[in-house]
Amino acid sequence: MTSRRRIALAASLFIASAQGAPIDHPLTADIYRELVRFQSSERGKPFDEATWGTAGLLTRLLVDPGSPYSDVVDTPSFTNETWWPAFTQRVGSHLPNAFAGTLATLRWQTGLTKARPDIDLAVTAADTVAFGGREAAANAKKADLSPAIFRQARLRHPSRPTAAAREAVAMQLLREQMKQVPREQWEAMAIRKDVARRYMSDDIDYPAATSDRAYLMSILHMAIRTGSMSISPEGTQRLPAALRVARAAAAYKDALGYFGGPYCTDSKPSTGRPIDSSAFDHNSPLCFVAATDRAVHHWYRHEARLEASGRPLHENNHDGWNTLSRWINGFMGLIEIATLTEFSEALAAEALDAEEAAASTEAPAPRRLAPLICGVRRP
């Protein structure tokens, strides 16, 4: 893809993320990145990774950071510090309750919320039918997938949840752009209706499969890299793209069913299932609806590697799709290791390093994003 096309895609994602009126959250702000910057600009504090890095932040926000099912801390210690009110007024002044809204958005963007049916989100009988199960429906709705796109990606990848999830979210992103960007701007913004039409057609082996899927992956890649804050037509914030993909993969996994018995009972891990970090052993599925978005993403990255490691099932080799599919699976699996918090941490820290370097004679700041993009950084 040319650099011009990449610029157009980035612009369309920016426009899509800026549309809509904030209602429940300070929707257009990356709260974590703003928090790190606030610590430096307003308080004159250097970036302290032990305190404000991802691990330090999770320790403050979660009751049990090692558990995929951890509850959140009701009142994190930093919210009692003198600077917190000023920070919440900066990023959430338009909210009825800046304190609660800012904290809720930080939890949401960091991936600490769950998808328990009728607790965290509503799941109707129609949803259960449309997505192939109550738990599958909860995860799919958390990923903001339409039933039609969910079914279509499943038809194209019936036994590969992470491949289906990537394409489903990419297709959903494309649909969102088509709705939010005026039609006369589609060509300039590289928004291709023809790709959407072919993907949603009945032709499973359509001739343009390779180039169309590469285009969809470029949309998804850009959304993950930019960390764009997408807003639904109802005015609520969607999950960051990487977490949407993880929730979508969980929905497909739940819809496939399990040979080893249910992993969930009444929206909780079934009796005998581990609730600590050992729940990730042997790439075992989680009770996804009871797990945090972040934990589901942790599971997803291992599942994506498993899919990428072997020959894809039920794919044909027409137009070289088999080779491209294996490349995309491995590439996207690595890219998505870093969730929004890690990218925000790196971007904010890089900005601070660059400012310090510009004011001194030191060498340029090291590139913190490189290990994230290359998949070297660990959770």
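Readers should treat all values here as calculations from the given coordinates under stated rules, not as data from a laboratory. Just so it is clear, the structure is predicted and the values come from calculations on it, not from any experiment. Using ideal geometry, Cβ is built from the backbone for each residue, glycine included, and neighbour counts are taken over all protein chains shown.
Using only alpha-carbon positions in the range 122-197, the gyration tensor eigenvalues give semi-axes of 26, 14, 9 Å once each is multiplied by 5 and square-rooted (largest first). Built from the Cα atoms of the range 44-85, the convex hull projects on average onto 3.5 nm², one quarter of its surface area.
Shown in residue order for the range 271-280 are the 3J(HN,Hα) couplings computed by the Karplus curve 6.51 cos²θ - 1.76 cosθ + 1.60 at θ = phi - 60°: 4, x, 7, x, 10, 9, 5, 5, 4, 8 Hz (x for Gly and Pro).
When only DSSP loop residues count, what GluC sites (Glu not before Pro) in the range 29-92 have their Cβ near at most 16 other Cβ atoms within 10 Å?
42, 81
If the limit is 24 Å between Cα atoms, which of 141/268; 193/253; 142/179 go over it? Over 24 Å apart, Cα to Cα: 193/253. Ranked by the mean number of other Cβ atoms within 10 Å per residue, highest first, peptides 94-100, 189-195, 131-137 order as 131-137, 189-195, 94-100.
What do you get for Rg/Rh of the range 36-105 when both radii come from the Cα atoms and Rh is the Kirkwood radius?
Numbers: Rg = 12.9 Å, Rh = 13.1 Å.
So for the range 36-105, dividing Rg by the Kirkwood Rh gives 0.98.
All Cα-Cα distances of the range 36-187, cut into 5 Å bins from zero to the largest, leave 1, 8, 12, 14, 14, 14, 13, 12, 8, 3, 1 percent in each bin in turn.
One Cα centroid belongs to the range 214-274, the other to the range 72-138; the line between them spans 16 Å. Peptide packing: for 164-171, 291-298, 302-309, the average count of neighbouring Cβ atoms within 10 Å per residue gives the ranking 164-171, 291-298, 302-309, highest mean first. When the alpha carbon coordinates of the range 131-279 are projected onto the principal axes, the ranges are 56, 35, 25 Å, largest first.
Here the range 153-227 yields Rg over Rh of 0.96, to two decimals, using C-alpha coordinates and the Kirkwood radius.
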